[in-house]
Amino acid sequence: RKRVVAFISGGGSNMLALAKACEAGEYPAEIVAVFSDKPEAGGLAKAQALGLPTRVFERKAYGSKAEHEAAILAALAEIGPDLTCLAGYMRLLSGEFIRAYEGRILNIHPSLLPLFPGLHTHQRALDAGMKVAGCTVHFVTEGMDEGPVIAQSVVPVLIDDTAETLAARVLTVEHKTYAAALKLVASGNVSMRADGTVERLGSETDASAT
Ligand code: GAR
């Protein structure tokens, strides 16, 4: 089983969904630690309740972004994970960090990338008059919410949606999509080539997230 460190900044519902998926015997991955940049992140207590080791790396405890990332990289090196899953981690990783785990960092973003990267994604989807929304799990490359797509899921936008109601609907499919995407990568069916394209060995059925 591939060993995974999950990174969170908030409620940690995606981290929890991954941890639950990993409880299935045949699932090809396991969460071995949860890292947060926020001591108040609600996901920390959820991880601890599952018996998962947690570490907090607050940005303000370090003099620079480079020192902050160096501390995280050192802690990761002690663990030696196969994969890292960003699960609501609201911080942009440097190119140096990403190169250290090239092709081994996954992220989930609550939009149908490449549409609406960055913040306030649900409000921007509503403002654009979108009739569908969704989520994307992708390999992390330099640049915010870029990198090749592993899996996506779609939900309808309803007539009286607010950013909050849309976010809640998208979040429900995020959990399934992230678990499916991690399974594809951990099993070796999907990987990122050195040129940043995605290689898919499984059938299209395997690759569909929901
Ligand atoms: C999720 O909707 C995730 O897609 C989003 O933050 C939320 C975290 O929820 N991530 C981003 O916006 C990253 N750009 P969670 O802590 O309950 O998993």
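The residue list G129, G147, G143 contains one member that is more than 26 Å from L16 (Cβ to Cβ), of a type outside the set (S, T, Y) and within 13 Å of the ligand (Cβ to nearest atom), which is G143.
Residues are listed down the side, and each one gets a yes or a no for (1) within 25 Å of S9 (Cβ to Cβ); (2) aromatic (F, W, Y); (3) more than 14 Å from the ligand (Cβ to nearest atom):
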site	(1), (2), (3)
L106	yes, no, no
F116	yes, yes, no
T136	yes, no, no
R169	yes, no, no
K183	yes, no, yes
E199	no, no, yes
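Under the condition of being open to solvent by 40 Å² or more (accessible area, probe 1.4 Å) and part of a loop (DSSP other than H, G, I, E, B), which residue from region 189-202 is modelled with the highest pLDDT? Residue satisfying both the conditions and the ranking: N189. Just one of the numbered conditions (1) of a type in the set (A, V, I, L, M); (2) open to solvent by 30 Å² or more (accessible area, probe 1.4 Å); (3) within 13 Å of the ligand (Cβ to nearest atom) is not true of L93: (2). For region 103-113, the criterion of being outside any loop (DSSP other than H, G, I, E, B), among the hydroxyl-bearing types (S, T, Y) and either without any contact (Cβ under 8 Å) to a residue 40 or more places away in the chain or surrounded by 18 or more Cβ atoms within 10 Å (Cβ to Cβ) (or both) is met by no residue.
Checked against (1) exposed (fewer than 15 other Cβ atoms within 10 Å of the Cβ); (2) within 20 Å of I105 (Cα to Cα); (3) within 15 Å of the ligand (Cβ to nearest atom), N14 passes all but condition (1).
Once region 17-44 is narrowed to residues that are near the ligand (Cβ under 9 Å from one of its atoms) and either of a type outside the set (A, V, I, L, M, F, W, C) or part of a helix (DSSP H, G or I) (or both), the residue that is farthest from Y101 (Cα to Cα) is G42. When you scan region 45-59, do you find a residue that is more than 15 Å from the ligand (Cβ to nearest atom) and farther than 18 Å from G88 by Cβ, even just one? Scanning region 45-59, I find at least one residue that is more than 15 Å from the ligand (Cβ to nearest atom) and farther than 18 Å from G88 by Cβ, so the answer is yes. Annotation note: Cβ proximity below 8 Å between a residue of region 160-185 that is farther than 30 Å from R1 by Cβ and a residue that is of a type in the set (S, T, N, Q) and within 13 Å of the ligand (Cβ to nearest atom) (sequence gap 6+ or interchain) occurs for A163/Q123.
Considering only region 26-34, I want to know if a residue exists there that is loosely packed, with under 15 Cβ neighbours inside 10 Å and within 24 Å of N189 (Cα to Cα). Walk me through it before giving the result.
So in region 26-34, the residues loosely packed, with under 15 Cβ neighbours inside 10 Å come out as 26.
Within this subset, residues satisfying the condition of being within 24 Å of N189 (Cα to Cα) are 26.
The answer is yes, given that some residue of region 26-34 is loosely packed, with under 15 Cβ neighbours inside 10 Å and within 24 Å of N189 (Cα to Cα).
Contact list please: Cβ distance under 6 Å, first residue in region 121-134 and free of Cβ contacts under 8 Å to residues at least 40 places away in the same chain, second residue part of a loop (DSSP other than H, G, I, E, B) and open to solvent by less than 80 Å² (accessible area, probe 1.4 Å), pairs at least six apart or on different chains. Sorted first by the residue in region 121-134, then by its partner, the pairs are T121/P110; T121/S111; R124/F116; M130/V157; K131/V157; A133/V157; G134/L112.
Quick one: in region 141-182, of everything that is in a loop (DSSP other than H, G, I, E, B) and of a type in the set (S, T, N, Q), which residue is farthest from the chain's Cα centre (by Cα)? So that I can check it myself, show each step before the final result.
Residues of region 141-182 that are in a loop (DSSP other than H, G, I, E, B), as a first pass: 141-148, 157-162.
Still in the list and also of a type in the set (S, T, N, Q): 141, 162.
Values: T141: 13, T162: 24 Å.
Among those residues, the one meeting the criterion is T162.
The values are calculated or read from the model by the stated rules, or taken from the named source; none is laboratory data. Bear in mind the structure is a predicted one, so any value in this text is a computation, not a measurement. Positions of Cβ are generated from backbone atoms using ideal geometry, with glycine treated the same way; all protein chains shown enter the neighbour counts. Surface accessibility is based on the protein's heavy atoms, side chains included, excluding ligands, DNA and RNA. Shrake-Rupley method; radii C 1.70, N 1.55, O 1.52, S 1.80 Å.
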